[in-house]
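> There's a structure below that I have some questions on.
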Amino acid sequence: MKVIGINGSPRKGWNTETLVKKALEGAASMGADTELIQLYDEPIKGCMECYACKRKGNKTGGVCAIHDNLRPVLEKAFAADAVIIGSPNFFGYPSGMIRSFLERFLYPLASYQLENGENVRILGQRIIPAGIIFTMNSNKHFYGAMNYGDTLGATRQNLEYVLGYAEQYNSFNTIQFSDYSKMDANMFDPAEKLHQHETQFPVDEQKCFEMGIRLVKKASE
Ligand SMILES: Cc1cc2nc3c(=O)[nH]c(=O)nc-3n(C[C@H](O)[C@H](O)[C@H](O)COP(=O)(O)O)c2cc1C
């Protein structure tokens, strides 16, 4: 059983990567072989609309036809038994690199073909259980006021539609700066952020660990 985790934050060692690692630890506790991929290590391109994956008789086999630096990551995601994706909330959407990755991971697996009125699944019977973890500055109230659930939830829904199963976890009110006193950011209360980090973030870690366990169970069904 192979589970890959993708850190879609430009920052290493911060909130998103920490939670993706926790989810991978959960998967590893179930005996899965895990690997963490840093998506921001190299600049990557999104879908180029070449439509090679939609051409009749194409041999792309569900993996994006473009052979560039993202190709090895796409091959790993395609071959994985489960995928855990972490992203910061950037203006209500996943980070740019995650969006580029998802365009090229999901689109070749999304079929426009009907057979007996049913959408043909490129993956056949196989599902690739996916977890999407979002970290963000906002609290639950602001999340609701900004309708982030619509846009971030749509990412989860697309993962589910194409891969067959997807879960979402939101980590709210994350610590953004190591020293708030050095930043122009007085709308935040550093003491409240620290309190949140010490009380809620460990809960988020545990929830992500449990997500990793559930995804492995789902992949073994
Ligand atoms: C470009 C950018 C846009 C952001 N937009 C939002 C936003 O719309 N809502 C929000 O709650 N947080 C927003 N944030 C905050 C990040 O989502 C938050 O700090 C996140 O936890 C960062 O992840 P990291 O610690 O793993 O790098 C934004 C941060 C940046 C840099």
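> Sketch the reach of a paramagnetic label on TYR40 as a point 7 Å from Cα along Cα-to-Cβ, and name the residues of the range 176-212 whose backbone nitrogen lies under 15 Å away.
176-178
> Separate question: Assuming R0 = 45 Å, can you tell me the calculated FRET efficiency for the pair ARG126 and ASN186, based on Cβ-Cβ distance, to the nearest 0.05?
0.35
> A follow-up question, please. If one puts a single equal scatterer on every Cα of the range 2-220 and applies the Debye formula without solvent, what log₁₀ I(q)/I(0) results at q = 0.12, 0.16 Å⁻¹?
For the range 2-220, the Cα-only Debye profile gives -0.65, -1.08.
> How far apart, in nm, are two points set 7 Å out from the Cα along the Cα-to-Cβ line at ASP33 and at THR199?
Those two pseudo-labels are separated by 4.4 nm.
> Mind telling me which of MET97, MET183, MET146 comes out most flexible in a GNM of the chain, alpha-carbon contacts under 10 Å?
So, out of MET97, MET183, MET146, the one fluctuating most is MET183.
> Sort 82-91, 200-209 by packing, meaning the average of other beta carbons within 10 Å per residue, with the highest value first.
Highest to lowest by the protection proxy: 82-91, 200-209.
> Set the Förster radius R0 to 25 Å, insert the Cβ-Cβ distance between SER220 and GLN157 as r into 1/(1 + (r/R0)^6), and round the FRET efficiency to 0.05.
Once rounded, the FRET efficiency stands at 0.55.
> Which angle from 0 to 90°, rounded to the nearest 10, does the C-alpha axis of helix 190-199 make with the longest principal axis of the chain?
Roughly 60 degrees between the two axes.
> Given the pairs LYS22/LYS207; LYS2/LYS207; LYS22/LYS76, which are separated by over 18 angstrom at their Cα positions?
LYS2/LYS207; LYS22/LYS76
> In whole angstrom, how far apart do the alpha carbon centroids of the range 17-93 and the range 102-128 sit?
For the range 17-93 versus the range 102-128, the Cα centre distance is 16 Å.
> May I ask for the angle, rounded to the nearest 10°, between helix 148-163 and the longest principal axis of the chain, with both axes built from Cα atoms and the value confined to 0 to 90°?
Tilt of helix 148-163: around 30 degrees.
> Expressed in nm to one decimal, what extension gain is obtained for the pair ALA110 and ASP179 from 0.36 nm per residue of sequence separation less their Cα-Cα distance?
20.5 nm
Read-outs: derived from the displayed coordinates by stated rules, not from any lab. Note that this is a predicted model, so its numbers are computed, not measured. So basically every Cβ, Gly included, is an ideal-geometry build from the backbone, and we count neighbours across all protein chains shown.
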